[in-house]
Amino acid sequence: MKVSFFPPDMFENDREFLLDTIYRVGTSESFILGKNVAALEERFRKETGAGEAIAVHSGTGAVSVSLRAAGIGPGDEVIVQAFCCQPVAEEVINVGARPAFVDIDSRTMVMDPSLIEARVTPRTKAIMPAHLFSALVDMSAVNAVARKHRLTVIEDACVQQGAVRDGLPAGLMGDVGTYSFFQMKVMGGCGEGGMIVTNDKSLASACRAIRNHGQEGKTRFLHERLGTNSRMDEVMAAFLLRRFDALPRMLRRRTEIAKYYGARFVSLAERVVLPDSVGEERCHYMYCIQTSERDALRAHLAGRGIASHVYYPIPLPMQGAFLVYADPTYSIENSKRASNENLALPIYPHLTDAQAEAVADAVVSFFA
Ligand SMILES: *Cc1c(COP(=O)(O)O)cnc(C)c1O
């Protein structure tokens, strides 16, 4: 059975809605930051309980605008995970600051809060933990370090929309949180999109101004500060509002598949690191396992028509783009191991039971 890693027909059922929306927006007078964007922001406030939600043009835009709103710039340092995606370090540099890489927890593959304090210097201004796969960073531990050193916590929840811990949604566990609507994310759209949530009114109004060239939003061509263009468009906002209705069902299906894999893989626990056991309020964006036999397993799956993916094959401090920011005396052993050993298995709402079974069979047969 052939199982693709990304669903091939994601928006097939949305054809009519999409065509109609493009026509309606295209023949209206409002293409960006109009009533659809306002409705989407309102929906986010309701769903998350956030005081403020600011729609932007991508998850990267959300990270970048948040950094700028927090006043981070030249001379500042921001603590980011060594094992993560490009934007977290890239946007820190793009606002003129420096990333300080911190190693990860070897089991969960996300930021290990016990390692943060050793990376704090007099220049540190913020910590930017990123939730990855199906793992949430221990945000109360991160917040404790942040409080002690008076740092801003920018919570990258780009892949954890819908996850909840201790009653708090991912995105509202730090000072400001970000989401992405890139097509593969849990509420992916048919293009680019992002959202910032916060309970801090002054951060929110800074974000609003920065996403639209520093305009406060009332008077046009009045620029009190520098900004950029990180605006969301009306077609995307309308489409994302529609996707919201399906979010609980999509999250439930992801959880179902994660539970199924977990049950099938119990006997592999000696040779494979499995994601932590599942709870109902988890967001199973990726099902990532870790094994020293990763490359052979991947080839075995491919031989059976099953696609898999490696996130991320090279830790950030080892990427050419960041070599000059890396501290060669600092150990990123866990990040290196995660890069060498992690493998993401197909998990998405479209995946059928038969496909999930084929994936599990193929994994189990490799270790038999
Ligand atoms: C995808 C992603 C981003 C960036 O989002 P885009 O919408 O693709 O710009 C940032 N952080 C994390 C953890 C992501 O997975």
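Summary table below
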| read-out | value |
| --- | --- |
| Local electrostatic count, Glu42, Cβ distance below 13 Å [Lys/Arg +1, Asp/Glu -1] | +1 |
| From the C-alpha gyration tensor of region 207-246, square roots of 5λ in Å | 27, 9, 8 |
| Cα coordinate range in region 81-211, projected on the principal axes (Å, largest first) | 41, 36, 30 |
| Mean accessible surface per residue for region 25-125, computed with a 1.4 Å probe while every protein chain stays in place, in Å² | 38 |
| Rounded to the nearest 10 Å², the accessible area of Asp276 at probe 1.4 Å | 70 |
| Exposure ranking of Met187, Met1 by accessible area [1.4 Å probe, largest first] | Met1, Met187 |
| Overall Cα dimensions of region 1-54, principal axis frame, Å, largest first | 46, 33, 14 |
| Gyration tensor (Cα) of region 47-144, equivalent ellipsoid semi-axes in angstrom | 20, 18, 13 |
| Projected-area mean, region 258-321, by convex hull of Cα positions, square nanometres | 6.1 |
| Bins of 10 Å, starting at 0 and running to the largest distance - Cα pair percent for region 136-226 | 16, 37, 33, 13, 1 |
| Cα-based convex hull, the chain, per residue volume (Å³, whole number) | 137 |
| Antiparallel bridges, percent of DSSP beta bridges restricted to the chain (to nearest 5) | 60 |
| Surrounding net charge for Gln215, when Lys and Arg each add one and Asp and Glu each subtract one, Cβ distance under 11 Å | +4 |
| Ellipticity estimate at 222 nm from DSSP helix runs (n ≥ 4, -39,500 (n - 2.57)) divided over the chain, nearest 500 | -11500 deg cm²/dmol |
| Probe 1.4 Å, protein heavy atoms only - accessible area per residue of region 136-184 in square angstrom | 38 |
| Value in Å of the Kirkwood radius, where region 208-306 supplies the Cα pairs that are averaged | 17.9 |
| Rounded accessible area of Glu256 (nearest 10 Å², 1.4 Å probe) | 110 |
| Tail fraction, Cα-Cα pairs, region 174-265, threshold 21 Å, whole percent | 50 |
| Subset of Lys125/Lys218; Lys46/Lys148; Lys35/Lys218; Lys125/Lys185; Lys46/Lys125; Lys148/Lys185 violating a 25 Å alpha-carbon distance limit | Lys125/Lys218; Lys46/Lys148; Lys125/Lys185; Lys46/Lys125; Lys148/Lys185 |
| Two-decimal log10 I(q)/I(0) for region 107-165, as the Debye equation yields it once each C-alpha is a single scatterer, q = 0.20 Å⁻¹ | -0.73 |
| Within a Gaussian network of the chain (alpha carbon springs, distance under 10 Å), most fluctuating of Gly96, Gly75, Gly174 | Gly75 |
| Debye log10 I(q)/I(0) at q = 0.13, 0.16 Å⁻¹ for region 241-355, Cα point scatterers | -0.63, -0.87 |
| DSSP-defined beta bridges in region 1-159 - what % are antiparallel, rounded to 5 | 15 |
| Per residue solvent-accessible surface (Å²) - region 231-305, probe of 1.4 Å | 46 |
| Debye log10 I(q)/I(0) for region 164-205, one point scatterer per Cα, at q = 0.19, 0.30 Å⁻¹ | -0.64, -0.95 |
| The chain, accessible surface, carbon-and-sulfur percent (1.4 angstrom probe) | 51 |
| Formal net charge of residues neighbouring Met1 (Cβ-Cβ distance under 10 Å; K, R +1; D, E -1) | 0 |
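The values are calculated or read from the model by the stated rules, or taken from the named source; none is laboratory data. Computed from a predicted model, the values in this text were never measured in an experiment. Backbone-built Cβ (ideal geometry, glycine too); neighbour counts: all protein chains shown. Quick note on the areas: whole protein, heavy atoms, side chains included, nothing else; ligands and nucleic acids left out. Shrake-Rupley method; radii C 1.70, N 1.55, O 1.52, S 1.80 Å.
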